[in-house]
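The values are calculated or read from the model by the stated rules, or taken from the named source; none is laboratory data. In this text the structure is predicted, and so the values were computed from the model without any measurement. Reconstructed Cβ throughout: ideal geometry from the backbone, glycine too, with neighbour counts over all protein chains shown. Areas reflect the complete protein model, heavy atoms only, side chains present, ligands, DNA and RNA absent. Shrake-Rupley method; radii C 1.70, N 1.55, O 1.52, S 1.80 Å.
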Amino acid sequence: MKMNTRDGKSVSPWEKAIPFVEEKETELPKKYHVLIVGAGITGVTTALMLQNQGLDCLLIDTNNVGAGTTGGTSAHLNTFLDATYPEIESDFSKEAANLVAKATKEAISIIKNNINELNIDADFEEKKAYLYAEDEKQQKQLLGILDASKRADVSVHDVGKDAPLPMPFLKALMFDGQAQFHPIKYISGLLKEFLRKGGEVLEHTAFKSSKIENDCHLIQIGDSEIFADHLVFATHVPPGINWFNFSCAPYRSYVVGAKLKDNNYPDSLWYDMQEPYHYWRTHEIDGKQILLVGGEDHKTGQGSPAEALQNLKDYVSKYFEVDQFSFEWSSQYYIPVDGLPYIGKMPMADENTWVATGFNGNGMIWGTVSAKMISDLITGQPNDYEDLLSPSRVKPIAGFKEFVTENANVAWHFVADRFTAEQLKAVDALASNEGVVVDTDSGKIAVSKSANGHIKAISAVCTHAGCIVKFNKLEQSWDCPCHGGRYDVDGKVVTGPPLRNLEKVDWSEVKA
Ligand code: FES
């Protein structure tokens, strides 16, 4: 049995609940109605909804169930989103804002119903949420959000200064009907039901490629082939080079969990309006109250994880008497170019290929909306959000196809004798748990030193489209600044879209 992990070294409090899925002997090749790639909230919910409709589903994940962002979310459930209602009204329409509000409420009620019907102990709690302005500019924005939220039929109240917040603020809005939960306990409950209904799961099984043969997808997964009528990518951006690399920007987000000296934990959800913004809530973990605070997001591979975490801790300590920080972790999300996610038929792909991506910081909500939408679309049922959230609404740029062809074959080979004496010295001087990119005559090498001083060297050229990776000390990963691909220190892909690992360099050979 393989170890259950997340896609990095930092540990979220949810991880303990990652389910062990019994490895079953599945005789492949085999024909399924649907292959779902990615076993986070989107994939698991979609798989259960489709299996419930009588379709035979196979769910795969390159890692284990819940290893991606579902295991690293802060797990807020909101009817107001990172794309605000005034923005949706002006970039889309008032009707669009109404539809989005309706979708958010439906998502919360789907989660609540699943928890009740399947008797899942997922720490689900309904909460009030406060969004607050700390200066005049934010106050103006807040009033715009108040009006547009009301027009979209979201339950919101102007509570002025009557909000239970420790920080100075000018005005707050209170949203009813918000919630929080334990994301992994929740998807574990769904998964159990999916398996009980005859669904199949293969962990540590990567999607490799697909093509159409006899009107059916012939899909290479791991070392096997399967057939499926439908292919669903529930992986954030789909693997490989595709249009979503250009329409979704990858971000890292941070969360810290603090134990407080005075036990004065918030009973509601709080959101500031800073850039980057912060959000607060309390969760009981192992019988103890913990204040969870998230934020300090930055583009993947382009900021400093250490600085982001420190800023977050400093920010929490400004308003609370922190006894100790018991948790710190990060995870990845994708910001769509026009604010709303892309859910539906995948553009420029074979028939019956479906995608759900661009969830911004609202993955639990959009993941659930995606599952309902994709299962409706596959089973030929009408869905209110099909047009609004269609992935085809953004047109690919001219020359995109040529770009794909050119970059799909980026290859890298290292000749191991090109380090200069200075470069070798620099690597020797590297601190434990640090990494550096070294520029050699034959290309850039990503070199890291483990806690016990062991050197690992791999190509620094991302196998997706050739950008240079950057070391992430917190997660002990190499992160790509272009489309968010991530690799562990051995070069293994931990976050798509790259399909191929980074090539290893034999360091013992280099040093000899
Ligand atoms: Fe696209 Fe690295 S993820 S170049």
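About its Cα centre, the range 127-185 has a charge dipole of approximately 180 debye under the convention of +1 per Lys or Arg Cβ and -1 per Asp or Glu Cβ, with nothing else charged. Note on residue 211 and residue 167: their simple-model spin labels are 5.5 nm apart, each label 7 Å out from Cα toward Cβ.
When the Cα centres of the range 135-169 and the range 305-335 are compared, how far apart do they sit, in Å? Between the Cα centres of the range 135-169 and the range 305-335 lies a distance of 25 Å.
Rounded to the nearest 0.05, the FRET efficiency derived from the C-beta distance between residue 90 and residue 197 at R0 = 45 Å is 0.55.
Taking other residues whose beta carbon is less than 14 angstrom from the beta carbon of residue 99, and scoring Lys, Arg as +1 and Asp, Glu as -1, yields -2.
Sorted largest first, the spans of the alpha carbon positions of the chain along the three principal axes are 69, 57, 48 Å. The listed peptides 212-219, 192-199, ordered by packing as a protection proxy, come out as 192-199, 212-219 (highest mean of other Cβ atoms within 10 Å first). Calculated [222 nm] ellipticity per residue, helices only, for the chain: -8000 deg cm²/dmol; basis is -39500 (n - 2.57) per DSSP H run with n ≥ 4, divided by all residues, nearest 500. On a per residue basis, the chain carries 42 Å² of accessible surface, using protein heavy atoms and a 1.4 Å probe. Accessible surface of the chain, 1.4 Å probe: 48 percent of it comes from carbon and sulfur atoms. Legend: distances between Cα atoms for 299/444; 24/456; 313/372; 345/473; 140/288; pairs beyond 28 Å are 24/456; 313/372; 345/473; 140/288. Expressed as cubic angstrom per residue, what is the convex hull volume of the alpha carbon set of the range 129-277? In the range 129-277, the Cα convex hull volume per residue is 221 Å³. Extension gain, residue 307-residue 444: 0.36 nm per intervening residue step, less the Cα-Cα distance, totals 46.8 nm.
When only the Cβ of Lys, Arg, Asp and Glu is charged (+1, +1, -1, -1), the dipole of the range 208-275 relative to its Cα centre reaches about 300 debye. Projecting the Cα atoms of 111, 46, 75 onto the dipole axis of the range 10-126, where Lys and Arg carry +1 and Asp and Glu carry -1 at the beta carbon, places 46 farthest toward the positive end. The overall shape of the range 421-503, judged from the alpha-carbon gyration tensor, is oblate: a/c is not under 1.5, and a/b is no greater than b/c. What net charge do the residues around residue 178 carry, taking every other residue with its C-beta under 15 Å from that of residue 178, with Lys and Arg at +1 and Asp and Glu at -1? Result for the local shell: -2.
Once you reduce the range 221-242 and the range 420-439 to the center of their Cα atoms, the two points are 38 Å from each other. For residue 70, neighbours were defined as the other residues whose beta-carbon sits under 13 Å from its Cβ, and their charges (Lys and Arg +1, Asp and Glu -1) total -1. Along the range 155-169 the Karplus relation, 6.51 cos²θ - 1.76 cosθ + 1.60 evaluated at θ = phi - 60°, assigns HN-Hα couplings of 7, 9, 9, 7, 9, x, 9, 8, 9, x, 10, x, 9, x, 8 Hz to successive residues, with x for each Gly and Pro.
For the chain, taking a cut-off of 4.7 Å between Cβ atoms, the unpaired cysteines are 57, 216, 248.
Packing-based ranking of 342-355, 282-295, 57-70 yields 57-70, 342-355, 282-295, ordered from highest to lowest mean Cβ neighbour count within 10 Å. Protection proxy ranking, highest mean first, for peptides 472-479, 261-268: 472-479, 261-268, where packing is the per-residue count of other beta-carbon atoms within 10 Å, averaged.
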